[in-house]
Each structure stands twice: as structure tokens, then as C-alpha cells.
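Written out below as C-alpha cells is the structure these notes cover.
Only the coordinates and a few stated rules stand behind these numbers; no lab work does. These numbers come from a predicted model, not from an experiment. With ideal geometry, Cβ positions are generated from the backbone for all residues, glycine too; neighbour counts draw on all protein chains shown.
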Amino acid sequence: MKVRGGSLGWFLCWAVVFADIGTSVYYTPGILFPQFGGRSALFVGMTLVVFILLTLKYAEVAWRFPEGGGVVNVAAQALHPFVGLLGGCFILVDYFLTAALSALSGIFYLAVVVPAISPHPLVVAITIVALVILGSLNLLGVKDSARVSAAFAVLAAAGQLLVVMAVAVSLGPAGIVHSFHTISEGPPLTPLVLITGYAAAFLAFSGLETIAQLAPAMREPRRKLAAQAMALVVMTMVVTSPLLTLWSTTLLDTKNSDPNQLVSLLGAHVAGSVVGGYIAVSASLLLIFASNTAVIGCYHVFIALSRMGFLPRLLEQRNRWRGTPHWSILMAVAIPVALVAASRGDPGILGDLYAFGLLGAFILTSLALDRLRWFDSPGGRDLGAWLKYSVGLLTTALVSIAWLTNLVAKPLATLFGGGITVLGLVLGLTTYYYSRGREPAVFPFLHRPGVPVVHFGGRGRLAECQVLAILPHDPEIAEAVVKAAVRSAEGGSLAFLYRGDAKPGRQEGPEFMEVHDPYLKDRPAQVAFARAERVARKRSPDRRYIYVPGILPKSAVGDVWKAVFPKQTVVIDGGEAFLPGIAVDRVRRTYVDGYPILRLVSGRLRQPAAAS
């Protein structure tokens, strides 16, 4: 059985991703130019190669993790929950800066057509007001829409392509060739300049994480659709980002041009003020929209980390008035507002701060996928599989080089990003260990039929166990099953299985950019596993937890049973109906706390009778 798909096709997925990543070209040239001059496009081109390799990985993440969650979910399940917390800290740093820088750049571009707001203090003030308005809209529950994203993305993409074509026509073939030659002008390109420029240019491709967040809303087959959407993203970015960076930093009089409006000024330079105005308006709309997307992504990360037990439950509370997570939204807006105010509206400072969180999230996602791929072929790999795995490792290495370079080259980013990350880790681990005594956080294996995944416990697949306990929904009966299972295991391997409610009270689809992990929303399952953990952790060192979503058929429990193939199965009397045909050697019926518990001892599956 496949995991249920959403409603977004490849075009809308492209639109949402481009509405985020496509905004980078509006501010990247102005941020890179003061340090790298006309060679900024060279470094964007170098980074473009790694970006293409990363898109292959992120497309794979989208179908491997249909519940979404991006780096938080991928790192938590493939590496370790604590690494998921680290990934959450990285992506929060990225979201804070995306919200601040996108909103600020949006107001700068709006000033092209509304010169009255051009004074810098006024731009800063309007940016802060814009962020507050975005926060208010989210508090009111105004939903983001993929179709609205598509409208803004098409307008902006059309404007960017229009400028590219206008410049190409204006220059002619000889002029285009000559514009590329300008990259070679200037002082010698030393290895230090090459590596620092390469590392800095990743700013041009921030927003790639969005495709992983969209997974719950994507139609089936996700594997094909994600590849199509990312292929279109790559084609769009290949045409626009390097060329607009090249021409906006070499064709304009940069001394007399506002570096925060270069793409609009380039359009006006080659095609007139009408085109320049169109670029300014479409850029402003898309940038403000991208800021809102970052706010939404940010507060959903807060909620996910809260549900995982790393942040106080306060952050996932929703108000009765509009049903929105007000504390998470306030946090998601307050920090970008503080960044705009503290930087005094300097895009260069905000752009420099990007390096830490953005590349950190890329590294963890890439590394997690490398681990998943390693376990994909336990019986051996052909040449194609080895090549795919090697390219994946190379991608991780190239991103790691950029991140390590920026740790030294951008000390402010290291200080800010590292500070936020350390603070997040301390808060997360403190909350986790404080709660562990009362209600331990449990991170189960999430059963996804047909979707290969590796649990962080180190096993490529669900390993066999001595005892499998199937927990019922009734808390008191479940505790009796746990006690019986712990006694039966006698210190051996023990697995607890919980099947979610097939008919939950609230049947709602995922919110935009929400981590749609059914276990994180299943409070009874979390309580049941927490109680099992409290009882079992002292007597069963080798224990694991398996969660089967309620939307799956009853046969999914049987599929898990076949995978773990336990010597004993502990169930409440009547719970054996979920199991496949078992050749039962012995049935032991006992009473624990007054409840009838069955211990089914079996060595093999029952073979179906031969047809007569």
C-alpha cells in the first residue's frame, strides 16, 4: 500500500519552491559585489554545480519522507533524534534570516516605484511593520496557498526571463561572449579567493529545503513528481541566477546604482522604465511572500521540535479564537524583527549571517541520505549504484567544505548561527532530559509500506526480536501488556508496536509546510510508548518501538510481524486477530492486573493449504 498523496502536481510544486529559491537572485548580486566585484557570477556558477547535485538529493528526500519535515525529520530518523534537533537549530537560523532579508529586500525593490519610501530609516521601519503584519495574518489563520505562490512565481520568473532575453538582444552574440570574458578581469584568482567566493555564493540558492517540506501535499507518484518539479527548478535557476548576477554586476554603473535594486535597474537599463518597474513590483511581491513562507516554516519547526520533546509543549499550544499556534508564531516573527533592527537594515550583514544555518542544514540532509542509500542494497551494488552513492558523498563533501570555509571567512555568521544553535541544543536537551523522568520521549520506527527508510538505531531494516508486544489503545490494558512482555523478554530483544486510531477525531489535511508525521500528532501513542519506556528501560536494554499509522489497513501489523519475526508475541486476548497466519507452538494465557494476556510462541509462518 502506498502512502496517501496530496493534491499538488509538478507545476505547483515548482511554483512553491521557486517562490522561495527564486528570490535569492534579487539580493545576491548586491551582497556579493562589494567583495568579489564582476567575478560574483563565476562563484555563483561554481555553486550552481553543487546546487544541481543537491536538488537530486532533495527530490529523493521528498519521496522517502512523505510526511515532510525536511532536515528535522530526515536527520532524526536516519541519524539520531539529537541530530534532528541540531538540524532544527540550523534550519531555524536559516528561516530567521530568510524572513528578515526577504522582507527587507522586498521593501527596497518597492522603493523603485515608490521613491517616497527610499530613505533608509523609512525602509527599515516599513520592513518591521511588514513583518508584524505577516505575523498578524498568521495569527488570524490566513492560509498560504500554492496557487497564490504559483501566481507570484510565474510573474517573477517571467520578469527574470524577460530581463535575460532583453540583455541578450541588447548585447548580441558578440556582446554576450565579451560579457563572459569580463569575469577574467581583475587581480589573480588565488585558491583562497576561489574557495571563499564559492562558499559565499551558496546564498544564491537558499530555499531548496522547501521541496522536502511540501512532500505531504504532493500527488502520487511522489518519486516521479518530485523529480519533474526539481528539474524545472534547475532549468529556471540555470537560466536566471548566473546570468542576472553576471550582467547586473558588469553592465551597470555600480558606483551610482543601489546594490539592493540591481535586477530592476538592469531591466530598466536595457528595456526601459516600464520593464524596470515591472521587475521591481514582481520582485517585491515575491520577496514579501518568501518572507511569509519562512515565518510559516519557522513556526512549524518550533511545533515539530515541541512534539518531539525538545521544546516546551507551550510552543504547540493553539488559541481558541483562531486555532493558531500563537507562541510559535510570535517567536517566528520577533527574531526576524530583531535582526532587521539590530543590523539597521543592512542586507550585507544579513546575507553574511546566512552561511551557518543554510549550509548546516544542507550537510545534515545530504549526510542522512547517504546513510539511507548505504542500506538500500544489502546484497551488493552494481556500478550504477556505486556511482550514485559516490556522487552523493562528493556532494556532502563539497557542501561541508563551503560550511567549514565560512566558519572562518564569516566570523559574524559563526557567532550568530553558532550562538543560536548552542542555545537551541542546550534548551532542547535540557527539556528532553527534564521530561524523561516524567514522560520519556520515544522515537519509534514509522512504518511506511513501500518506502525504504533506515531507523537511527543502526539497522538497515527492522531487525528480528525475541518478543513483540502489541499495545492496545486502552492505557491500563496497554500497561498490563507491557509488564507481561518485559517478563517474557527476560532481558532479550523486545519490540513494542502501536497502531494509530483508524478513525481519529480530527480528519484534517496537513497545513502548509507542516511536519505531517502521524506519530507526532498521535498523543495517545506517545503516552503509551512513554509508559512502556518507563517500565522497560531498566530490564530490557535492547528495545525498540514501532508505530503503524491508523490509515493503513490491519494487515500492516501483520507485515511488521513478518519483518521482526518474534519468537513470542504478547497481545491482549482478542488482539491476535491483527496477526498473519502463525504456526503457533504454544499459547500461554495469563492475567496481569486482572486483564487476560496471551503469549503466542511461534517459530514459523503457517503455510497455506495446498489446493486439492
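Below 8 Å between Cα atoms, with a sequence gap of 6+, how large is the relative contact order for the stretch 49-131 in percent? Don't skip to the end; give the middle numbers.
Working: 43 pairs, mean separation 13.8, N = 83.
Computed value for the stretch 49-131: 17 percent relative contact order.
How large is the translational diffusion coefficient of the stretch 259-397 in µm² per second when you combine the Kirkwood radius over alpha carbon pairs with Stokes-Einstein at 4 °C and 1.567 mPa s?
Details: Rh = 19.3 Å.
Diffusion coefficient, whole number: 67 µm²/s.
Using a Cα-Cα cut-off of under 15 Å, which aspartates and glutamates could be cross-linked to residue 388, ignoring same-chain neighbours fewer than 8 residues away?
60, 370, 376
In nm, to one decimal, how far is the modelled label at residue 539 from the one at residue 439, with both set 7 Å along Cα→Cβ?
Once both label points are built, they end up 2.4 nm from each other.
For a footprinting-style exposure proxy, rank 545, 299 by other Cβ within 10 Å, fewest first. Don't skip to the answer; put the middle values down first.
Numbers: 545 24, 299 28.
In increasing order of surrounding Cβ atoms, one gets 545, 299.
Exposure proxy check: 236, 430, 245 ranked by fewest other beta carbons within 10 Å?
Values: 236 19, 430 11, 245 28.
Lowest to highest Cβ neighbour count: 430, 236, 245.
Return the inverse of the average 1/r over all pairs of distinct C-alpha atoms in the stretch 486-577, which is the Kirkwood hydrodynamic radius, in Å to one decimal. Provide the component values of the computation, followed by the final result.
Details: mean 1/r = 0.0676 Å⁻¹.
In the stretch 486-577 this quantity evaluates to 14.8 Å.
Between residue 228 and residue 386, take the C-beta separation as r, use R0 = 30 Å, and let me know the FRET efficiency to the nearest 0.05. Display every interim value, and only then the final one.
Working: r = 26 Å, r/R0 = 0.87.
After rounding to 0.05, the efficiency reads 0.70.
Tell me, 95, 26, 519 in order of fewest to most beta-carbon neighbours within 10 Å? Spell out each step's value before the answer.
Numbers: 95 28, 26 31, 519 23.
By the 10 Å Cβ count, ascending, the order reads 519, 95, 26.
Report the calculated FRET efficiency for residue 330 and residue 490 (r = Cβ-Cβ distance, R0 = 51 Å), to the nearest 0.05. Walk me through the intermediate numbers first.
On the way: r = 51 Å, r/R0 = 0.99.
Efficiency at R0 = 51 Å is approximately 0.50.
For the stretch 10-432, give the magnitude of the charge dipole about the Cα centre (Cβ charges: +1 Lys/Arg, -1 Asp/Glu; no others), in debye to the nearest 20.
The dipole magnitude comes to about 820 debye.
Once amide H atoms are built 1.01 Å from N in the peptide plane, which residues 5 or more positions from residue 545, or in another chain, come under 5 Å H to H?
445, 496
Once the Cα atoms of the stretch 255-337 are picked out, what are the Rg and Dmax in Å?
Every Cα atom of the stretch 255-337 included, Rg and Dmax give 19.3, 56 Å.
Got a sec? Charge dipole of the stretch 1-103, +1 on Cβ for Lys and Arg, -1 for Asp and Glu; which of 97, 31, 80 is way out at the positive end?
80
Taking 8 Å as the Cα distance limit and 6 or more residues as the minimum spacing, I'd like the relative contact order of the chain as a percentage. The partial results should precede the final answer.
Values: 1047 pairs, mean separation 133.6, N = 612.
That works out to 22 percent.
Kindly provide log₁₀ I(q)/I(0) values, in the same order as q = 0.27, 0.31 Å⁻¹, from the Debye equation applied to equal alpha-carbon scatterers of the stretch 509-550.
Reported log10 I(q)/I(0), two decimals: -0.97, -1.10.
Can you list residues whose amide H is under 5 Å from residue 8's amide H, if they're 5+ apart or on another chain and H is modeled 1.01 Å from N?
Those lying under 5 Å, H to H, from residue 8 are 218, 219.
Between residue 554 and residue 341, what is the spin-label point distance in nm, taking each point 7 Å from the Cα along the Cα→C-beta axis?
5.9 nm
If the viscosity is 1.567 mPa s and the temperature 4 °C, what translational diffusion coefficient in µm²/s does Stokes-Einstein give for the stretch 10-432 when Rh comes from Kirkwood over Cα pairs?
Details: Rh = 21.6 Å.
Roughly 60 µm²/s, to the nearest whole number.
Under 16 Å between alpha carbons, and skipping anything fewer than 8 positions from residue 410 in its own chain: which aspartates and glutamates qualify?
Straight-line reach from residue 410, under 16 Å: 94, 346, 352.
Expressed as a whole percent, how much of the Cα-Cα distance distribution for the stretch 127-275 exceeds 20 Å?
Of the Cα pairs, 65 percent sit more than 20 Å apart.
Given labels modelled 7 Å from the Cα in the Cβ direction, how far is it in nm from residue 176 to residue 501?
The two pseudo-label positions are separated by 6.1 nm.
Starting from the amide H of residue 551, placed 1.01 Å from N in the peptide plane, find each other amide H under 5 Å away whose residue is 5 or more places distant or on another chain.
Amide H neighbours of residue 551: none.
Which Rg and Dmax, in Å, describe the Cα atoms of the stretch 335-425?
That works out to 17.5, 58 Å for Rg and Dmax.
When the helices in the chain are scored as -39500 (n - 2.57) per DSSP H run of 4 or longer and the sum is shared across all residues, what 222 nm value do you end up with, to the nearest 500 deg cm²/dmol? Mind showing how you got there, number by number?
On the way: 21 runs with 376 residues, N = 612.
Helices in the chain give a 222 nm mean residue ellipticity of -21000 deg cm²/dmol.
Distance from the Cα centre of the stretch 406-449 to that of the stretch 232-250, in angstrom?
35 Å
Note the direction-averaged projected area, equal to a quarter of the hull surface, for the Cα convex hull of the stretch 1-150, in nm².
Numbers: hull surface 49.5 nm².
That works out to 12.4 nm².
Calculate one ³J(HN,Hα) per residue across the stretch 12-19 by plugging θ = phi - 60° into the Karplus curve 6.51 cos²θ - 1.76 cosθ + 1.60, and present them in order as whole Hz with x for glycine and proline.
These are the phi-based 3J(HN,Hα) values: 5, 5, 4, 4, 5, 5, 5, 4 Hz.
What Kirkwood Rh does the stretch 143-187 have if only Cα atoms enter the pairwise 1/r average? Answer in Å. Could you put the intermediate results ahead of the total?
Numbers: mean 1/r = 0.0773 Å⁻¹.
Hydrodynamic radius (Kirkwood, Cα only) of the stretch 143-187 equals 12.9 Å.
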